[in-house]
Amino acid sequence: MSEMLIRIKEDGRVMVETESGGVKSFKQITPDSLAECIHQSLLRGAIHTGLLPKNCISFSAYDNGNKEVVLLHAESRADISYFGTEYKNFPLPCLVFGFCITQEGHIASCKLGVIENSNRIHPNTKMYHYPLSNVSGFHICTGNNTFPKCTSLHTLASLPYYILSMPNNNDHFHHFLNKRNMEMRDLLELLKNKEQAFYYSDILLPNGKVLNDFI
């Protein structure tokens, strides 16, 4: 084919004229077909993420420059606080964190989820309600705390530790989201000397979601 002409008529019809070896051919196509042909012909460059953070299990990039990263939090304990009381080496369920980073490197949003305790995760890994405070659904309420600018994705590995160090309160805490129907203080006192497995046998309630929903 030596030449192709595309004519868009006033009534929306799309006419395609091609010439090959001196022979011209004409064909009418739909506007959707034209759009799909253009879309399929676009050259798509490779996405270069740079160094990804430790335990990164998902990465997404969008046309507006935003990026989303999901991390598996490998630690089963953390130092937390609740209204001035420190709970050192407090047990945690298996957690995943999600971060949305703008093109300028700002943390636009962050989320937290609880997954089943398993050596292998997959898209259908079962999820549970987060039983403590500051989380609504998957969204983390960070109050007036500000996040440092993300100049490289690998630095996101430190954000879960920063988030877990934020003081707990009663924001977004609901006693009906744990099996024992306990209030926050009583729940913390019960959990402080337990192992991670206790969450799954006595505390956590399924939320009807799987890991792929979180991602």
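Measure up LYS88/LYS126; LYS111/LYS209; LYS111/LYS192; LYS126/LYS194; LYS126/LYS149 against 26 Å on the Cα-Cα distance and list the ones that go over. Provide the component values of the computation, followed by the final result.
Values: LYS88/LYS126 28 Å; LYS111/LYS209 14 Å; LYS111/LYS192 24 Å; LYS126/LYS194 22 Å; LYS126/LYS149 32 Å.
Checking Cα-Cα distances, LYS88/LYS126; LYS126/LYS149 exceed 26 Å.
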By how many degrees, between 0 and 90 and to the nearest 10, does the Cα long axis of helix 31-41 differ from the longest principal axis of the chain? 70 degrees
With a 10 Å radius around each residue's Cβ, average the other Cβ atoms per peptide and rank 124-137, 26-39, highest first. 124-137, 26-39
Name the residue, out of TYR62, TYR161, TYR82, whose mean-square fluctuation peaks in a Gaussian network model built on the chain with Cα pairs under 10 Å. TYR62
With a 1.4 Å probe and all protein chains left in place, how much accessible area per residue does the chain have, in Å²? 60 Å²
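Mind putting a number on the dipole of segment 26-77 about its Cα centre? Charges go on the C-beta only, +1 for Lys and Arg and -1 for Asp and Glu, and I need it in Debye to the nearest 20. Could the numbers behind the result be given before it?
Numbers: 5 positive and 5 negative charges, 39 e Å.
Approximately 180 debye in magnitude.
How would you rank 107-120, 145-158, highest first, on the average number of other Cβ atoms within 10 Å across their residues?
Numbers: 107-120: 16.3, 145-158: 14.4.
Ranking the peptides 107-120, 145-158 by packing returns 107-120, 145-158.
Let me check against my output: what whole-number percent is the relative contact order of the chain, with C-alpha pairs under 8 Å and at least 6 apart?
On the way: 369 pairs, mean separation 39.4, N = 215.
Over the chain, the number comes to 18 percent.
Per the 1.4 Å probe, what fraction of the accessible area of the chain, in percent, lies on carbon and sulfur atoms? List each step's numbers first, then the result.
Details: 6410 of 12900 Å².
Of all accessible area on the chain, carbon and sulfur atoms account for 50 percent.
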Go through 5-18, 177-190 and give me the packing order, highest mean Cβ count within 10 Å leading. 177-190, 5-18
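Excluding MET4 itself, what net charge comes from residues whose Cβ is under 10 Å from its Cβ, given Lys and Arg +1 and Asp and Glu -1?
Values: positive: none; negative: GLU3, GLU17, GLU19.
Within the 10 Å Cβ shell, the charges total -3.
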Cα centre as origin, Lys/Arg/Asp/Glu Cβ charges: the chain dipole, Debye: 340 debye
In whole Å, how far is the Cα centre of segment 3-41 from that of segment 99-145? 48 Å
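The values are calculated or read from the model by the stated rules, or taken from the named source; none is laboratory data. The model shown is predicted, which means the values in this text are computed figures rather than measured ones. Note that each Cβ is placed from the backbone with ideal geometry, even for glycine, and that neighbours are counted across all protein chains shown. With ligands, DNA and RNA removed, areas are computed over all heavy atoms of the protein, side chains included. Shrake-Rupley method; radii C 1.70, N 1.55, O 1.52, S 1.80 Å.
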